[in-house]
Amino acid sequence: MTVVKDNANEILINYLHEHGIKQNFVAQKMGISSPTFGSRLHGRLKFDADFAVAVSKALGIDVDIFLK
């Protein structure tokens, strides 16, 4: 069972766009490469609960935005 919303990556894409936040900035704050971040963002790699927690911490937002 997955705890992450099916459209969690779309939620994140919209959040970044609405707030003018660059993918590279978030990737650096998370300590991961920009290509890895992009792969999770665009569905090439799984957007799982661990990624949801890490990205929400990096952005200072509530992880619930990504969870079912």
Given Cα pairs under 8 Å that are at least 6 residues apart, what percent is the relative contact order of the chain? 45 percent
Sequence order, segment 2-17: Karplus ³J(HN,Hα) from phi using 6.51 cos²θ - 1.76 cosθ + 1.60, θ = phi - 60°, Hz rounded, Gly and Pro as x, gives 9, 9, 8, 4, 4, 9, 4, 5, 5, 4, 5, 4, 5, 4, 4, 5
Estimated distance in nm for a label pair at residue 63 and residue 42, the labels positioned 7 Å out from Cα along Cα-to-Cβ: 2.7 nm
Taking every pair of distinct Cα atoms and averaging 1/r, then inverting, what Kirkwood hydrodynamic radius in Å comes out for the chain? 11.7 Å
What dipole magnitude, in Debye to the nearest 20, does the chain give about its Cα centre under +1 on Lys/Arg Cβ and -1 on Asp/Glu Cβ? 220 debye
What residues qualify as long-range amide H neighbours of residue 67, i.e. H under 5 Å apart, gap of 5 or more or another chain, H built at 1.01 Å from N? 5
Lys pairs under 22 Å by Cα in the chain, provided they are eight or more residues apart or on distinct chains: 10
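We did not get these values from a lab; they are worked out from the coordinates using the rules stated. Because the structure is predicted, anything quoted here is derived from the model rather than measured. No Cβ is skipped: glycine too gets one built from the backbone with ideal geometry, and neighbour counts run over all protein chains shown.
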